[in-house]
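Taking it in order: structure first as structure tokens, then the write-up.
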Amino acid sequence: MSDRDFEPPVQAVEGGWTLNFDDEERAFLTNLLEELRGLVTGPADDPLVDRLFPKAYRDDEEMEAEYQRLMRDELVVSRVAALDSVIARLEAPEPEIMDEGETVAFMQSLNAIRMVLGSIIGITDDESADQADASDSMEMNLYEFLSWVLDWTVRSLSPN
């Protein structure tokens with residue numbers, strides 16, 4: 001395949017954006033997003049979701065508990081709605097053109113998976129990412145793939 005034949009995974013087209021994944025890739029991404037939905041709707045104390053729902057009041061447990069009581073459900077509902085939107089696009093029989101909101105939801109959902117993976121493999125910043133990069137684990141390969149797709153998503157959303 002020449003460079004001219006390359007189709008980015010996410011591409012700006014007239015009227016919106018398209019996802020250029022084959023059926024296996026769509027099924028794989030859908031599975032990852034459904035696993036993420038399970039984490040998001042699971043116990044609030046699961047350390048894998050700490051980075052998805054960062055503390056608002058790190059130095060005040062009482063204020064943090066009140067914030068969580070007031071906001072946690074709303075944050076979960078919002079994240080699940082975005083995941084459901086992305087899953088629906090990936091499962092559509094014919095790829096449809098996404099609007100900007102759906103494309104941003106795709107980007108945010110991918111990044112959420114990356115954050116969970118980062119928690120699993122110990123990536124917290126650029127330095128730890130460079131150290132983990134030397135690893136050839138399945139999780140690191142997935143992290144790099146999602147980073148690549150995320151990069152193309154950001155590029156597609158950026159003005160030329």
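Each reported figure results from applying straightforward, stated rules to the coordinates on display, with no laboratory input. Values in this document were obtained by computation on a predicted structure and should not be read as measured data. In this analysis, Cβ positions are derived from the backbone assuming ideal geometry, glycine residues included, and neighbour counts consider all displayed protein chains.
For the residues 100, 139, what sequence is obtained by ranking on other C-beta atoms within 10 Å, fewest first? Present the calculation step by step, with values, prior to reporting the outcome.
Numbers: 100 11, 139 16.
Exposure proxy ranking, most exposed first: 100, 139.
Identify which of 119, 137, 85 has the largest mean-square fluctuation in a Gaussian network model of the chain, with springs joining Cα atoms closer than 10 Å.
Looking only at 119, 137, 85, the largest GNM fluctuation is found for 137.
If you build the convex hull over the alpha carbons only and average its shadow over all orientations, what do you get for the chain? Give it in nm² to one decimal. Walk me through the numbers on the way to the answer.
On the way: hull surface 46.3 nm².
With the hull built on Cα positions only, its mean projection is 11.6 nm².
Using alpha carbons only, how many degrees (0 to 90, rounded to 10) separate the axis of helix 23-40 from the longest principal axis of the chain?
That helix lies at roughly 10 degrees to the long axis.
With a 10 Å Cβ neighbour count serving as the proxy for reagent exposure, in which order, fewest first, do 40, 154 appear? Don't skip to the end; give the middle numbers.
Numbers: 40 22, 154 12.
Ascending number of Cβ neighbours within 10 Å: 154, 40.
Note the angle between two axes, namely the Cα long axis of helix 138-157 and the longest principal axis of the Cα atoms of the chain, as a number of degrees from 0 to 90, rounded to the nearest 10.
That works out to roughly 70 degrees.
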